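> Have a look at the structure that comes next, please.
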Amino acid sequence: MNMIQRASRLALPLFSLIALAACGGSSDDKAEEGFNQGYVQFYNGAANSANSALTVDEKAAGSAIFGDASNMLAIEPGSYKYQLKNATSSALIKEADITLNKGDKTLLLMAGDAANPSILTLTHKREEKFDDQFRVFVANLSSNYDKVDIYTAAETDDFSKATLLESVATNTITTSGKMLKRGKYKLFLTTAGSNTPFFEAAAYNFQYTTSYVMVVRDKLGPMQQQVSLDMVGNSSTVEALEHRLAKGQVRIYNSLDNQQGQIAINNLPVADLVQDTLTDYIQLDKNDYSIAVLNENNQLLLNNVLLTINAGQSKSVLLFRDAEQKVGLVNFTEKNLPQVHEHEINVANLVPDFKNLHFYFVRQNETIESAKFHVKALEFKKYASLVLPKDFYSISLVHVADNGTISLLDKTETLQLEAGKNYILAAEPSAAAPSGYKITLVK
């Protein structure tokens, strides 16, 4: 668990488990029954939005970050006002009337620019019985594709045997659901009228007799040129399907002082060793790779360390020396987040001299003692991530000795993180620093 408390929902592959409870399903596949309320849910497809909260008649349905959904709220049938607000600041994003009829579910999809978003609305009956079938709707929220065709195929078939499910223009959602027999389906996306898929999801198991909404959306963060296919059900868990043949990428930070040489992946040089430098992203196919570090005489400092790159995955690798001056590395996966209203920062301890270190993100009205955001007791070769709201911060590196002595090893000037950037913060040894240690912030 991260060393900072944060209320959020990650797009974990638990869709089917939660959908089972939320949809009224059961292990013996009984149909949904007794839908006597009106139902409403919110999906956040506005890339530059903050965490946004839905209320209907002052009843809270929960909040959603980009690519996420709120809980489904059950409410007495009737006409109401709904509000979408910034979950942190409570600033109003959108307010409108909504009518919720008995047995109907309304899904509100926020799209476009968060300053003036469009709201797509899908209303459908929560059927009591589907006879071993499921219903699917499709929304296209991608700004990169004016119109997409979505195809389905049996689990063992390729695109040549796929069937066109829907054609969907950008910023629209289908209103007539298509019925399909429960089971596993491959999913393909093409541009309108094309016979060449630009996206293929591995077989997805539509195992419940319920309604699914597929949302085509652009990925943000480090993988901006790709799309995801989000599966929205009746819970707050959204499963983001990735293109199974999408490229991944890696970037490498070098904390090795006074060391010349090269970094190699699968025995091919990819970058020179430059002190305190983060390489550009290196594009890689989905595969397992070996990383090596060589000095200026082509002698191996590090060899055959495994690096696994999955489809659509972005990773960072950090090089360091241990207490015996041997070269090692730590790697982590970067989140595909917009990094606009808040930043998720990966923090790493590359200092072998202490049991652990503390990192404090101090705002202008705070001190280290009162700082709300921090990573504490981070051990050598370990990393953690935390989310910082948009603000000005001074970052402090602190060590607490066994006798209780507190040392301030380094401190940055007050700074504001740049929107759209993925940051890495590393504590590392430095012969040039007064304390012998420094913190480096790279993007």
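The values are calculated or read from the model by the stated rules, or taken from the named source; none is laboratory data. Everything numeric here is computed off the predicted structure, so don't read it as measured data. Here Cβ is always computed from backbone atoms with ideal geometry, including for glycine, and neighbour counts include all displayed protein chains.
> State whether one or more residues within the range 116-138 are in a loop (DSSP other than H, G, I, E, B) and under 29 Å from the mean Cα position of the chain (by Cα).
Within the range 116-138, one or more residues are in a loop (DSSP other than H, G, I, E, B) and under 29 Å from the mean Cα position of the chain (by Cα).
> Here's another thing I want to ask about it. E296 is checked against (1) modelled with pLDDT under 95; (2) surrounded by fewer than 16 Cβ atoms within 10 Å (Cβ to Cβ); (3) touching a Ser or Thr at 6+ places or on another chain (Cβ under 9 Å); (4) over 22 Å from A427 (Cβ atoms) and fails just one. What number does that condition carry?
In the conditions (1) modelled with pLDDT under 95; (2) surrounded by fewer than 16 Cβ atoms within 10 Å (Cβ to Cβ); (3) touching a Ser or Thr at 6+ places or on another chain (Cβ under 9 Å); (4) over 22 Å from A427 (Cβ atoms), E296 misses (3) alone.
> Within the range 53-75, track down each residue that is over 16 Å from I98 (Cβ atoms) and either outside the structural domain of I93 (by TED's automatic domain parsing) or assigned to a strand (DSSP E or B) (or both).
G62, S63, A64, D68, A69
> While we're looking at this one, here's another question. Limited to the range 323-335, what total is found for residues that are of a type in the set (K, R) and not in a loop (DSSP other than H, G, I, E, B)?
Result for the range 323-335: 0.
> I need the full set of residues from the range 286-310 which are in contact (Cβ under 8 Å) with a residue 40 or more places away in the chain and under 29 Å from F354 (Cβ atoms), in order please.
Matches in the range 286-310: L301, L307.
> Now, a different point. Return the residue satisfying two criteria in turn: it lies in the range 410-443 and is among the basic types (K, R) and assigned to a strand (DSSP E or B), and of such residues it is surrounded by the most Cβ atoms within 10 Å (Cβ to Cβ).
The selected residue is K438.
> Let me ask something else. Does any residue in the range 311-329 that is farther than 20 Å from A246 by Cβ and in contact (Cβ under 8 Å) with a residue 60 or more places away in the chain come within less than 7 Å, Cβ to Cβ, of a residue that is of a type in the set (F, W, Y) and crowded, with 17+ Cβ neighbours inside 10 Å six or more places away or on a different chain, and which pairs are these?
So the pair list comes out as L318/Y253; L319/Y253.
> Among the strands (runs of 3 or more DSSP E) lying completely within the range 201-266, list those that include at least 3 residues that are within 30 Å of A431 (Cβ to Cβ).
248-254, 261-265
> Across the range 169-203, which residue is nearest to N140 (Cα to Cα) among those that are in contact with an Asp or Glu (Cβ under 8 Å, 6 or more places away or on another chain) and among the aromatic types (F, W, Y)?
F188
> Can you tell me how many residues in the range 120-135 are farther than 24 Å from K184 by Cα and crowded, with 18+ Cβ neighbours inside 10 Å?
2
> Give the range 379-409 a look and list any residue that's under 17 Å from K355 (Cα atoms) and buried (at least 19 other Cβ atoms within 10 Å of the Cβ), or say none.
F380, Y383, A384, L397, H399, L409
> Give just the number: which of (1) crowded, with 16+ Cβ neighbours inside 10 Å; (2) closer than 27 Å to T123 by Cα; (3) at pLDDT below 95 does V238 not satisfy?
(3)
> What are the pairs with Cβ atoms under 7 angstrom where one residue, in the range 343-361, is of a type in the set (D, E) and the other, located anywhere, is surrounded by fewer than 24 Cβ atoms within 10 Å (Cβ to Cβ)? Sequence gap at least six, or different chains.
Cβ pairs passing all conditions: E344/K335; E344/L337; E344/S385; E344/V387.
> Within the range 267-286, take every residue that is over 26 Å from the mean Cα position of the chain (by Cα) and part of a loop (DSSP other than H, G, I, E, B) and give me the one that is farthest from S316 (Cα to Cα).
N267
> Among the numbered criteria (1) under 30 Å from L306 (Cα atoms); (2) in contact (Cβ under 8 Å) with a residue 12 or more places away in the chain, which single criterion is violated by Q207?
In the conditions (1) under 30 Å from L306 (Cα atoms); (2) in contact (Cβ under 8 Å) with a residue 12 or more places away in the chain, Q207 misses (1) alone.
> Provide a single number: the residues in the range 46-95 that are over 24 Å from the mean Cα position of the chain (by Cα) and on the phi > 0 side of the Ramachandran plot.
3
> Test each condition in (1) touching a residue at least 40 places away in the same chain (Cβ under 8 Å); (2) surrounded by fewer than 21 Cβ atoms within 10 Å (Cβ to Cβ); (3) in a strand (DSSP E or B); (4) of a type outside the set (D, E) for V168 and report the one that comes out false.
(2)
> For the range 353-374, check the following and say yes or no: at least one residue is among the polar types (S, T, N, Q), surrounded by 20 or more Cβ atoms within 10 Å (Cβ to Cβ) and over 26 Å from the mean Cα position of the chain (by Cα).
no
> Continuing with this model, one more query. Kindly list, by first and then second residue, each pair from a residue in the range 137-156 that is closer than 15 Å to G45 by Cα and outside the structural domain of V213 (by TED's automatic domain parsing) to a residue that is modelled with pLDDT of 95 or more and part of a strand (DSSP E or B), limited to pairs with Cβ atoms under 6 Å and residues at least 6 apart or on different chains.
If the second residue must be modelled with pLDDT of 95 or more and part of a strand (DSSP E or B), no pairs are left.
> Follow-up question, since we're still on this one. Does the range 314-322 include one or more residues that are over 28 Å from L409 (Cβ atoms) and in a strand (DSSP E or B)?
For the range 314-322, residues over 28 Å from L409 (Cβ atoms) and in a strand (DSSP E or B): present.
> Please find, within the range 59-79, the residue that is surrounded by the most Cβ atoms within 10 Å (Cβ to Cβ) out of those that are under 23 Å from A46 (Cβ atoms) and without any contact (Cβ under 8 Å) to a residue 24 or more places away in the chain.
Checking each candidate, the answer is A61.
> Which number in (1) closer than 25 Å to V168 by Cα; (2) in a strand (DSSP E or B); (3) of a type outside the set (A, V, I, L, M) marks the one condition that E95 misses?
(1)
> How many residues are part of a loop (DSSP other than H, G, I, E, B) and loosely packed, with under 14 Cβ neighbours inside 10 Å if we restrict to the range 145-162?
The number of residues fulfilling the criteria is 4.
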